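The numbers here are math on the coordinates, done by the rules we state, and not lab data. Keep in mind the model is a prediction, meaning the values are calculated, not measured. Backbone-built Cβ (ideal geometry, glycine too); neighbour counts: all protein chains shown.
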Amino acid sequence: MISEKVAKALNEQIKLEEHSSRIYMSMAIWCEVQGYPGAAEFLYKHSDEERMHQLKIVKYLNDRGGHAKLCSLEQPALEFTSLKILFDEVLKHEVLVTNSINELVHLCMEVRDYTTLNFLQWFVEEQIEEESLVKGVIDKLNLAGEAKGGLFHIDKELASLAANT
Ligand code: OFO
């Protein structure tokens, strides 16, 4: 049986993963409307992944005798100044998620919940991958600057990343 304290923290994480999913969905919509179909596909996929992260925690919490609870969420941003600024926001958000996972790990160590600690390892690894993927995209966007041709190629690359990851 999971402790109240850990269950509460997992419910907070469920909320954050759902919020992440909506943030990336909103970004995907903006990209699609602005004529970046590759970036849109990449972000739609990312949004789906966050939904899966949410579900993974929901299932775990319920399996351990807890009760996963959904709550209301704030509206995500709808407009972005540029593709580069948008991906800076993605990285900023992923760092926030990493910090939140680390806090959860810390709590599990404190209360000696080694089962949840073990469950969280998958998220720790996932965050390393996600941060490095987004940093790679930002590096390319930095190189491209505002050049239309460069942005066109990056968009194509994002389409193939979405198809192959
Ligand atoms: Fe992109 O993060 Fe979920 O966990």
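Here the Karplus curve 6.51 cos²θ - 1.76 cosθ + 1.60, taken at θ = phi - 60°, turns the phi angles of segment 151-165 into couplings of 5, 4, 5, 4, 4, 5, 4, 5, 5, 6, 4, 5, 6, 10, 10 Hz, with x standing for Gly and Pro. Ranked for footprinting exposure by Cβ neighbours inside 10 Å, fewest first, 18, 129 give 129, 18.
Amide H to amide H, with H built 1.01 Å from N, residue 66 comes under 5 Å of 2, counting only residues 5 or more places away or on other chains. Between segment 115-130 and segment 37-101, the alpha-carbon centres lie 15 Å apart.
Exceedance of the 19 Å cut-off in Cα-Cα distance is limited, within the set 5/69; 8/69; 59/135, to 59/135. Taking the Cα centre of the chain as origin and assigning +1 to Lys and Arg Cβ atoms and -1 to Asp and Glu Cβ atoms, the resulting dipole is close to 280 debye. Where does helix 37-63 land angle-wise versus the long Cα axis of the chain, in degrees 0 to 90, nearest 10? Tilt of helix 37-63: around 0 degrees.
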